[in-house]
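The structure appears below as structure tokens.
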Amino acid sequence: MQSSGIALEGYRGFNEYFSEEEKIPLSLRHQLRRRQALRLQYAFTAGLMIMLVAFGVYFLSQNETVQKLYLYPYNYKESVAACSREYGVDSSLVAGVIRAESKFNADVRSNRGAIGLMQLMPETGRWISEQIDSGSFVSSSLYEPDVNVRYGTWYLANLLDEFNGNEVLALAAYNAGRGNVADWMMEKGWGYDFSDVEAIPFPETREYVKQVLKNKSKYEALYKS
């Protein structure tokens with residue numbers, strides 16, 4: 001009895017719907033149906049276009065030439081290669097740092113005052129200059145690609161040496177400062193074999209390290225044959 005009651009209610013609702021629709025003038029009903037059909041057509045077309053665009057973007061992003069031109073450029077490659085050899089650093093790691101720091105824009109200056117390709121602070125540049133040059137230093141020289149890459153690569157090599165070749169710790173120090181990383185190692189009991197990027201306390205530094213390591217693998221795949 002209960003099921004037959006439900007069926008009866010459904011039948012009444014069905015009849016009421018069409019009874020109400022019959023009260024609408026025929027010409028208006030046709031207009032409403034046409035509008036509904038157009039809305040469905042537009043929705044289908046929009047969905048198809050979105051799918052095609054997404055497929056096109058994905059396809060292009062997998063193309064090696066597109067990746068080299070737009071996603072992972074390698075300007076100043078000769079300078080990076082020369083400095084990497086001089087200071088014993090993987091050139092793909094240096095390229096990965098440059099992409100994360102400046103996207104290979106030599107003229108960029110951050111809000112905090114970091115300059116150039118590898119985003120060196122003027123005081124850091126001055127200290128590096130005292131270590132590897134005569135110490136004669138002007139901040140504007142950090143806008144020169146060869147100077148910036150040389151100083152930045154030496155600094156990265158210095159951090160790698162301090163942290164026993166551990167790229168995760170060295171990159172964290174490049175972003176957050178060697179003092180913070182030394183404190184984390186002491187407080188959290190990290191050793192020189194540390195590799196848990198997710199354990200890095202600063203969200204910005206955590207994402208930075210992940211980005212640079214991803215960049216490094218991309219540069220290795222694209223440019224090291």
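The values are calculated or read from the model by the stated rules, or taken from the named source; none is laboratory data. Note that the structure is predicted; figures quoted are calculated from it, not measured. FYI the Cβ positions are ideal-geometry reconstructions off the backbone, even for glycines, and counts take in every protein chain you see.
Tell me, yes or no, whether the range 141-155 has at least one residue that is of a type in the set (D, E, K, R), without any contact (Cβ under 8 Å) to a residue 60 or more places away in the chain and farther than 17 Å from Arg99 by Cα. Reasoning before the result, please.
Going through the range 141-155, the residues of a type in the set (D, E, K, R) turn out to be 144, 146, 150.
Still in the list and also without any contact (Cβ under 8 Å) to a residue 60 or more places away in the chain: 144.
Checking the rest, the ones that are also farther than 17 Å from Arg99 by Cα come to none.
Checked the range 141-155: no residue is of a type in the set (D, E, K, R), without any contact (Cβ under 8 Å) to a residue 60 or more places away in the chain and farther than 17 Å from Arg99 by Cα.
Across the range 180-221, the number of residues qualifying as among the polar types (S, T, N, Q), over 17 Å from the mean Cα position of the chain (by Cα) and surrounded by 15 or more Cβ atoms within 10 Å (Cβ to Cβ) comes to 1. Residues of the range 96-112 that are loosely packed, with under 12 Cβ neighbours inside 10 Å and either part of a helix (DSSP H, G or I) or of a type in the set (A, V, I, L, M, F, W, C) (or both): none at all. Taking the range 168-225 as the range and being more than 30 Å from Val66 (Cα to Cα) and either in contact with a Lys or Arg (Cβ under 6 Å, 6 or more places away or on another chain) or not assigned by TED's automatic domain parsing to the domain that holds Ala114 (or both) as the test, only Ile200 passes. Scan the range 65-81 and tell me whether some residue there is more than 19 Å from the chain's Cα centre (by Cα) and part of a loop (DSSP other than H, G, I, E, B). There is at least one residue in the range 65-81 that is more than 19 Å from the chain's Cα centre (by Cα) and part of a loop (DSSP other than H, G, I, E, B).
Which residue out of Glu162, Glu123, Glu144 is in the same structural domain as Gly96 (by TED's automatic domain parsing) and in contact with a Lys or Arg (Cβ under 9 Å, 6 or more places away or on another chain)?
Answer to the selection: Glu162.
Checked against (1) closer than 22 Å to Ser217 by Cα; (2) among the β-branched types (Val, Ile, Thr); (3) touching a Pro at 6+ places or on another chain (Cβ under 8 Å), Val197 passes all but a single condition, namely (3).
Test Lys210 against the criterion of being without any contact (Cβ under 8 Å) to a residue 24 or more places away in the chain and under 19 Å from Lys103 (Cα atoms), and give yes or no. Lay out the reasoning, then the answer.
Working: without any contact (Cβ under 8 Å) to a residue 24 or more places away in the chain: yes; under 19 Å from Lys103 (Cα atoms): yes.
Answer is yes for this residue.
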